[in-house]
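> What follows is a single structure, and I will ask about it in a moment.
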Amino acid sequence: MFELRFPSDTQFLNMVRDLARRLAESTGFDSEEAEKIAMAVDEATTNVIQHAYHGAKDREIEIHFDPEGESLDIQILHDGDALEEVPMPAFDLDKLVAERRKGGLGIYIMRQVMDDLNFGKSGSGKNMCVMVRYKRRPAKGE
Amino acid sequence: MADLTMESEHRGDVVVIHARGFINAHTVRQFEAEIERALESGRNRIVINGSGLSYIASAGLGVIMGHIEDVRSKGGDIRLTNLNETVLSILEVLGFNHVCRVFDSEEEGVTSYSHSNA
C-alpha cells in the first residue's frame with residue numbers, strides 16, 4: 001500500500017500523475033497502460049479539486065494505491081462534497097462537440113481506462129472514488 | 001522549466017501555436033487564452049504544434065471541443081500536429097482523433113488548409 005496526501009491545488013496534479021504512472025509501471029503495467037492509469041488518476045483528482053472542493057486550494061486529498069492481488073486499486077479520498085456517478089448517456093463525442101461542451105470528458109476517460117469505478121464512503125467517513133485496474137484483463141471470449 | 005509555454009506564429013493565414021509542457025487543469029487557462037487570442041484576431045485557421053507537449057488532460061481537449069464547431073462555422077479549423085505517443089493515445093481513448101484532424105508534421109498541418117475548404 002502506498003499513501004499520498006497533498007493540498008487540493010492544481011499545481012500538484014502533474015506530480016501526482018507522474019507518481020501514479022511510476023507506481024503503475026512498478027506494478028507491472030507497460031508504459032502505455034501506466035500512462036493511461038495515471039491519466040485516470042489525474043482526471044479523478046481534478047474532479048475532486050473542481051467539484052468536491054470547488055477550487056479551494058487548501059483542502060486535503062489522500063490517494064491510496066494498493067498494488068497487491070490481481071488488480072491495482074486506487075482510492076481517492078476527500079472531505080468535500082460527495083461526488084456520485086450520475087447516470088450518463090452513452091458517450092457521444094460528436095454530440096458533445098456539437099453542444100460546444102468543454103467539460104464532462106474526465107469521467108469517460110476514467111471509465112474507459114479503468115475496469116471498475118465507484119464512489120462511496122471510506123471507513124474513516126471520507127468521501128472517496130475507487131478505481132480498479134486488473135493486471136490481466138480477460139481476453140475476448142474468456 | 002515552465003509548466004506550459006505557448007507561442008504563436010503566423011504562416012500566411014494560418015496561426016501555428018507551439019505548445020510546450022503539459023496541459024491539465026492547472027495550465028488549461030493559458031492554452032485557452034492563446035486559442036482565443038488567435039480567434040479574436042480574426043484568424044480561424046489554427047494549427048497546434050504539439051512537438052513539445054508531453055500530456056493533454058480532458059481539460060485541454062475540452063477547450064478544443066468547446067471552440068471547434070464555431071471555428072468551423074467561420075470557415076476555419078483546429079488541427080493538431082507533431083503529437084507524441086502519449087498524447088496520441090489520449091486522443092484515441094476518447095476517439096478525439098476523429099473529431100480533430102491530426103498530422104505528423106507542422107508543414108502537413110499548414111498546407112492541409114490549402115487543400116481544403118477550411
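The values are calculated or read from the model by the stated rules, or taken from the named source; none is laboratory data. What you see is a predicted model; the values in this text were computed from it and never measured. No Cβ is skipped: glycine too gets one built from the backbone with ideal geometry, and neighbour counts run over all protein chains shown.
> If a residue must be in a helix (DSSP H, G or I), farther than 13 Å from residue B:49 by Cα and touching a residue at least 40 places away in the same chain (Cβ under 8 Å), how many such residues does region B:77-118 contain?
Qualifying residue count, region B:77-118: 1.
> Do any helices (runs of 4 or more DSSP H) entirely within region A:1-118 hold 2 or more residues that are within 14 Å of another protein chain (Cβ to nearest Cβ), modelled with pLDDT of 95 or more and surrounded by fewer than 16 Cβ atoms within 10 Å (Cβ to Cβ), and if so, which? Lay out the reasoning, then the answer.
Details: elements: A:13-27, A:31-47, A:93-98, A:105-113.
Counting at least 2 such residues, we get A:13-27.
> Residue B:98: modelled with pLDDT of 95 or more and either within 9 Å of chain A (Cβ to nearest Cβ) or crowded, with 19+ Cβ neighbours inside 10 Å (or both), yes or no? Before the answer, list the steps.
Working: modelled with pLDDT of 95 or more: no; either within 9 Å of chain A (Cβ to nearest Cβ) or crowded, with 19+ Cβ neighbours inside 10 Å (or both): yes.
No: the conditions fail for residue B:98.
> Further question: Residues in region B:51-61 that are surrounded by fewer than 22 Cβ atoms within 10 Å (Cβ to Cβ) and either assigned to a helix (DSSP H, G or I) or at positive phi (or both): how many?
Result for region B:51-61: 0.
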